[in-house]
Amino acid sequence: MNAIETKLKGCFILEPTVFEDERGYFFESYNENKMEGILGYKPTFVQDNQSQSSYGVVRGLHMQAGEFAQAKLVRVVEGAVIDVAVDVRPGSETYGQWIAVELSADNKKQLFIPRGFLHGFSVISEKATFFYKCDNGYHKASEDGINPLDETLNIDWQIPEDQMILSEKDQEAQSYAEFQAKNC
């Protein structure tokens, strides 16, 4: 597995070693010891989640705060998405910066997103099945987020705005400025 640290410290793109032949392919999607070597600690994932969405869906930007913060290991098992992580760790040198990575069933890349990050994705294929591991369980009262179309962040979701499909919750989410005022 090849691990590439992004400009956001602790956030890694993981490229598996894929073995292919006439029968198909095989790759190791997770190895605890290798993750410990990459991260410098052994993550304990306690929950797996999976969603399916159609073209144009934008989910995010979401996180859980405080003691219920979650690190995530995300990948796509069908289709393709633009996956986005936004650093909102207080005191971070890259606070407010974001990265976008194409994750697909074809490229088999994964993204490790540490605690203290907002996360979201947009579906750029006809449909996509998205899978992720979390190191902390879901806790509704700890939810936080930012509107994915926030003009300050100006994220390129690679979907024309008139074709975007957002939940009511995401459409009504606070702005980046409101998030900062509340959390800084």
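Which one is surrounded by the fewest Cβ atoms within 10 Å (Cβ to Cβ) among residues in region 129-170 that are assigned to a strand (DSSP E or B) and charged (D, E, K, R)?
E143
For every residue, the table says whether it meets (1) modelled with pLDDT of 95 or more; (2) of a type in the set (G, A, S).
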| residue | (1), (2) |
| --- | --- |
| D48 | yes, no |
| A65 | no, yes |
| R89 | yes, no |
| S104 | yes, yes |
| E126 | yes, no |
| Y132 | yes, no |
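Being under 21 Å from D150 (Cβ atoms), surrounded by 22 or more Cβ atoms within 10 Å (Cβ to Cβ) and not hydrophobic (A, V, I, L, M, F, W, C) is the filter here, so list the residues in region 73-118 that pass it.
Hits for region 73-118 are D83, D87.
Starting from region 6-29, take each residue that is outside any strand (DSSP E or B) and list its partners that are surrounded by 15 or more Cβ atoms within 10 Å (Cβ to Cβ) and of a type in the set (G, A, S), counting only C-beta distances under 7 angstrom and pairs at least six apart or across chains.
These pairs meet every condition: L8/A85; C11/A85.
Pull up region 5-40, narrow it to residues that are surrounded by 12 or more Cβ atoms within 10 Å (Cβ to Cβ) and β-branched (V, I, T), then point me to the one that is nearest to R89 (Cα to Cα).
If we take residues in region 5-40 being surrounded by 12 or more Cβ atoms within 10 Å (Cβ to Cβ) and β-branched (V, I, T), then T6 is nearest to R89 (Cα to Cα).
Would you be able to tell me the number of residues in region 40-56 that are in a strand (DSSP E or B), in contact with a Lys or Arg (Cβ under 6 Å, 6 or more places away or on another chain) and under 14 Å from G137 (Cβ atoms)? So that I can check it myself, show each step before the final result.
Applying the first criterion (in a strand (DSSP E or B)) to region 40-56 yields 47-54.
This time we only want the ones that are in contact with a Lys or Arg (Cβ under 6 Å, 6 or more places away or on another chain), so: 48, 54.
Retained after the next criterion (residues that are under 14 Å from G137 (Cβ atoms)): 48.
Qualifying residue count, region 40-56: 1.
Go through region 171-184 residue by residue and tally those that are of a type outside the set (A, V, I, L, M, F, W, C) and part of a loop (DSSP other than H, G, I, E, B).
3
Looking at region 46-62 only, could you name the residues that are hydrophobic (A, V, I, L, M, F, W, C) and either closer than 19 Å to I159 by Cα or within 15 Å of the chain's Cα centre (by Cα) (or both)?
Result: V57, V58, L61.
Which of the residues spanning region 84-106 are outside any strand (DSSP E or B) and either within 25 Å of Q180 (Cα to Cα) or in contact (Cβ under 8 Å) with a residue 60 or more places away in the chain (or both)? If you could, list the steps in order and put the result at the bottom.
From region 84-106, those outside any strand (DSSP E or B) are 88-97, 105-106; that's our starting set.
Selection gives V88, R89, P90, G91, S92, E93, T94, Y95, G96, Q97.
Results for (1) aromatic (F, W, Y); (2) under 24 Å from S53 (Cα atoms), shown as yes or no for each residue.
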| residue | (1), (2) |
| --- | --- |
| Q97 | no, no |
| E102 | no, yes |
| L111 | no, yes |
| L118 | no, yes |
| A128 | no, yes |
| Y132 | yes, yes |
| D162 | no, yes |
| E168 | no, yes |
| K182 | no, no |
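Count, please, the residues in region 125-184 that happen to be under 25 Å from Y95 (Cβ atoms) and of a type in the set (G, A, S).
7
Considering every residue within region 51-60, establish whether at least one is touching a Pro at 6+ places or on another chain (Cβ under 7 Å) and either loosely packed, with under 12 Cβ neighbours inside 10 Å or not aromatic (F, W, Y) (or both). Let's see the steps before the verdict.
Taking region 51-60 first, the residues touching a Pro at 6+ places or on another chain (Cβ under 7 Å) are 58, 60.
When the remaining residues are screened for being either loosely packed, with under 12 Cβ neighbours inside 10 Å or not aromatic (F, W, Y) (or both), the result is 58, 60.
Yes, region 51-60 contains at least one residue that is touching a Pro at 6+ places or on another chain (Cβ under 7 Å) and either loosely packed, with under 12 Cβ neighbours inside 10 Å or not aromatic (F, W, Y) (or both).
The values are calculated or read from the model by the stated rules, or taken from the named source; none is laboratory data. Bear in mind the structure is a predicted one, so any value in this text is a computation, not a measurement. Because the Cβ atoms are built from the backbone with ideal geometry, glycine has one as well, and the counts that use them run over all protein chains shown.
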